[in-house]
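Down below is the structure, laid out as structure tokens.
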Amino acid sequence: MKILIKALMPSFGDLILATGPLRLLKEQRNNPKIFLLTKFPEILQGNPFIACVFTRESEAFSFCYDEIIDLSMVNFADEENITFNYAHLLDIKWRNPWELAPQIFLYKEEIMWAKSLVAKQVPIGKKICVVHPSTHKFYWEGRNWSLEGFKVIIERLQNLGYFVIEIGKRIRSTKISDLSLIDQTSLRELASIISLSDLFVGIDSGPFHLAQAFKIKSIVIFGPTEPYSRIIDFKFSSFIRNESLTCIGCYNRKGVSNLNKCERGTIECMKQLNPTYVADEIERMLKNPLYFANKNIAYLQQLLQNKNKKLQKESYYMKYTNIHKEYLRYRKGYYAFFRWLYAIRPKIITINHFFHKNFFKFRAKNKKP
């Protein structure tokens, strides 16, 4: 059996999240051959679950397939986790969310290159923290936080004893990190560096999903997107955001893809986030693992309560809708009956006149002597 997966998503982070469901698809569909069409073939290099990767549609459709699935049909603005939506589209089953965790397979040469770089640059005994301060405006400006804010974070991490490596592509550097690799690595080299790190701090972006694939402890700054829709395993990842705003998470709350569009038009969820507050939260999470876990538990409990309230409202609305439909149906039948009576009224009048006209003649003719 041959299956073609069209994964023409605009960002490589969305493709990383699809690697977990693709693994389960291979296991649950009697070992089919999976062919993949994508813009980021580097992500899938060395993946044993993918038979072949195409970058052009002309190449992909030169073969015949038993099934074609388009992953770009997934609603990326849905309140549900993107990985769960992939799994629903692929029609696979899972028990625990971490069964859908993404996977990146690195070659030995890539790991050795990263280890040699770390050995040359990082002092012995220091923990490595990878910081991704922003993305290019072309991808999503609404996710970016201020560069000054990340300077405060980097200084705090350095005070905590971390060796800070700054990563990114086509972005400005904070110029205070211990090592800047901005625009100096390929996607595979970036993945190998993240795989050797002890901590990831940054925004909701592709490098964060690389950290999830390697199960690196991550602290991510969220704004327009809901953390639940992007984080796979809250055991390794947590978040910081401006909880005082009612419009927080507007991208997923609307349920419609609206890239670079803000309800207020000013991206207040990122602009009003205090750098000192963020740095204090990161320090508290690193020093107290229990605080890290309790924050995630409280968030998930609140999310569950909101979901239950939404389901209750939906059930009430459906009940009201069904009653209203019944009312409309009976009203339609009621008026239809009277319309029918009005339509046959001339016939009734004609029959009535004929009866009164001929009744007495008929009675007199058949009267017994």
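Taken together, the values in this text are just the output of simple stated rules run on the coordinates, not laboratory data. On a predicted model such as this, the values are computed, not experimentally measured, just so you know. Here the Cβ is made from the backbone with ideal geometry for all residues, glycine too, and neighbour counts use every protein chain on show.
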Subject >> From phi via Karplus (6.51, -1.76, 1.60), per-residue ³J(HN,Hα) for the range 3-12 in Hz, x at Gly/Pro >> reply: 10, 9, 9, 8, 10, 8, 6, x, 10, 6
Subject >> Three-way shape call for the range 158-275 based on the alpha-carbon gyration tensor, with the a/c threshold at 1.5 >> reply: prolate
**OP:** Find how much the distance from Lys127 to Gln103 grows on full extension, using 0.36 nm per residue of separation minus their present alpha carbon separation; answer in nm with one decimal.
**Re:** 6.3 nm
**OP:** For each of Asp198, Asp204, count neighbouring Cβ atoms within 10 Å of the residue's Cβ, then give the residues from fewest to most.
**Re:** Asp198, Asp204
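Could you calculate the FRET efficiency of Cys64 with Met112 from 1/(1 + (r/R0)^6), where r is the beta carbon distance between them and R0 is 41 Å, rounded to 0.05? Write down the numbers at each step before the final one.
Values: r = 41 Å, r/R0 = 0.99.
Result of the calculation: an efficiency of 0.50.
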Original post:
Given H placed 1.01 Å from N in the peptide plane, which residues other than close sequence neighbours of Ser237 have an amide H under 5 Å from its amide H?
Top reply: Ser218
Original post:
If each of Ser146 and Gln272 carries a label point 7 Å out from its Cα toward its Cβ, how far apart are those two points in nm?
Top reply: 1.4 nm
Original post:
Exposure proxy check: Val74, Val220 ranked by fewest other beta carbons within 10 Å?
Top reply: Val74, Val220
Original post:
For the residues Cys64, Cys269, Cys262, what sequence is obtained by ranking on other C-beta atoms within 10 Å, fewest first?
Top reply: Cys64, Cys262, Cys269
Original post:
Taking the alpha-carbon centroid of each part, what is the distance from the range 141-156 to the range 274-296 in angstrom?
Top reply: 16 Å
**OP:** Distance check, please: which entries in Lys39/Lys215; Lys26/Lys169; Lys33/Lys108; Lys120/Lys215; Lys33/Lys235 exceed 29 angstrom between their Cα atoms?
**Re:** Lys26/Lys169; Lys33/Lys235
